[in-house]
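Shown next, in structure tokens, is the structure this report addresses.
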Amino acid sequence: MGLGEKEGTERRNIADILSSHWLLFILVGGLLIVGGGVAITVPVISSISPNEVLGLVLMFVGIVQLAQSGKMLGAAVFAWYLVLGLLAAIGGVFVYLDPFASVVPVMVLMALVFALHGLTQIIFAAKVRRMKGWHWFLVSGCIAILVAGLLVMKLPYGHTFTPATIGGVSLLFAGWAYVAVAMAARNSARAFSAN
């Protein structure tokens, strides 16, 4: 099997997985959107530390993605789900506990988590670029990398504008990417079965 045929087969497998598990992807997208909303609003309306909120949200999303990675049968989608889940869960633990406080500032740690998250989304967008809605993963990945850059910069954070606000915006876009691709995959599968 040539390289082109292998890529075509992998894309078809990814498309099949997305269309057969579209509801699962919408669920993850919804959780990311809710998590992003929580990360943005909770620090504003409570005295909980923004870093703790973002860490807890990332841990929760990561654990859900890890649990759901077992349902993804294709190698590319399974690996992508597993990597994103591990990044979010481990990154969330590190952000929440801040174990390297004297060595690595928590902002740099958060920036690393979002940069890696963005990079994996861009790579996945390239893999599914022939599917409708693929550009949302590209946009989401670019926003995550932009968020990583903003977290490294020392912005004037306050009570209403926190690092969790920036991270929450990235999670909102990531959630929308899941929902958009899942809906496109579902609609494609329905159109195919109608013919």
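Can you pull out every residue in segment 101-122 that is among the aliphatic types (A, V, I, L, M) and free of Cβ contacts under 8 Å to residues at least 40 places away in the same chain?
Passing the criteria: A101, V103, V104, L109, L112, A115, L116, L119, I122.
Just to be sure I understand the filter: pairs with C-beta atoms under 8 Å, separated by 6 or more residues or on different chains, first member in segment 59-71 and farther than 13 Å from G30 by Cβ and touching a residue at least 40 places away in the same chain (Cβ under 8 Å), second member surrounded by 14 or more Cβ atoms within 10 Å (Cβ to Cβ) and not polar (S, T, N, Q). Which pairs pass?
K71/H21; K71/L24
Step by step: first the residues of segment 133-161, then only those that are in a loop (DSSP other than H, G, I, E, B) and among the aromatic types (F, W, Y), then the one that is farthest from L171 (Cα to Cα). Which residue is that?
Here the answer is Y157.
FYI, it's all coordinate maths here, none of it is from the lab. Worth saying up front: this structure is predicted, and the values here are computed from it rather than measured. Here Cβ is always computed from backbone atoms with ideal geometry, including for glycine, and neighbour counts include all displayed protein chains.
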